[in-house]
1. Please determine, in degrees from 0 to 90 and to the nearest 10, the orientation of helix 7-25 with respect to the longest principal axis defined by the Cα atoms of the chain, where the helix direction is its Cα long axis.
2. What percent do you get for the relative contact order of the chain when only Cα pairs under 8 Å and 6+ apart count?
3. What does the accessible area per residue of the chain come to in Å², with a 1.4 Å probe and no ligands, DNA or RNA counted?
4. Along the positive direction of the dipole of the chain (beta-carbon charges: Lys, Arg +1; Asp, Glu -1; about the Cα centre), which of 35, 52, 126 reaches farthest?
5. Ratio to report: Rg/Rh of the chain, with Cα atoms as the point set and Rh obtained by the Kirkwood method; give two decimals.
6. When the accessible area of the chain is computed with all protein chains present and a 1.4 Å probe, what percentage of it is carbon and sulfur?
7. How far is helix 100-111 tilted, in degrees, relative to the longest principal axis of the Cα atoms in the chain, given as a value from 0 to 90 rounded to the nearest 10?
Amino acid sequence: MRILLDETELKEGVLRLASEIDDFYGNKRHLTVIAVMTGSLVLFADLIRRLSMPQRVGVVQASSYRGGTKSGDLHVDSKMMIDVSGRDVLLVDDIFDTGKTLDRLQQMMLDSGATTVKSAVLLHKNREHSVAMRPDFVAFEIPDEFVVGYGLDYLDMYRNLPYLAVLEPDEIEATALESQP
Ligand code: IMP
Ligand code: MG
């Protein structure tokens, strides 16, 4: 694996992201922060502890990578969502790739009565996106490569890596074998 961002760089990126969000909202306004599971798991835990405003936290699950590295149909599970009506909502996701996930979730939050909806991501892939919306807060721009670690997975593996790495094609094949029960 080729390391793209090491632990120190990730930590600095999260601090930068938190201070941009703090500057935007101020530290008095209540924020409802929603983790887009499962990829934002690690980022979310680190980020919310760096934000200064009072927060309510919730989770929503969205998955579009169904066993591959190309995005497929988006499936959203909102069973664990908290009430967002009349709230300022911040969606937190690991990466903005095609943009379909955040675009759909932003609309879902607005349909559920959220007053405002913004989004924060660790990574923004340098590629053409299929939607008009863009994330409001971005820690890093990265090339259009498949990355794992710091919450991001391939076949649900590698989320625990403390760094972000590019998964090369031969490693993609090897992982498919290794992830078997
Ligand atoms: P989008 O809907 O295409 O923007 O995809 C967003 C979701 O796809 C993210 O929340 C990730 O879970 C997943 N994803 C996109 N690119 C990568 C990647 O390079 N590695 C791992 N997961 C990715
Ligand atoms: Mg995801």
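The values are calculated or read from the model by the stated rules, or taken from the named source; none is laboratory data. The structure presented is a predicted model; accordingly, all values stated were derived computationally and were not measured. Cβ sites come from the backbone with ideal geometry, for glycine too, and all protein chains shown count toward neighbours. Accessible surface areas use protein heavy atoms only, side chains included; no ligands, DNA or RNA. Shrake-Rupley method; radii C 1.70, N 1.55, O 1.52, S 1.80 Å.
1. Tilt relative to the chain: about 20 degrees.
2. After rounding, I find 23 percent.
3. 51
4. Going by the Cα projections, it comes out as 52.
5. Taking Rg over the Kirkwood Rh, I get 0.96.
6. Answer for the chain: carbon and sulfur cover 49 percent of the accessible area.
7. Its long axis makes an angle of about 20 degrees.
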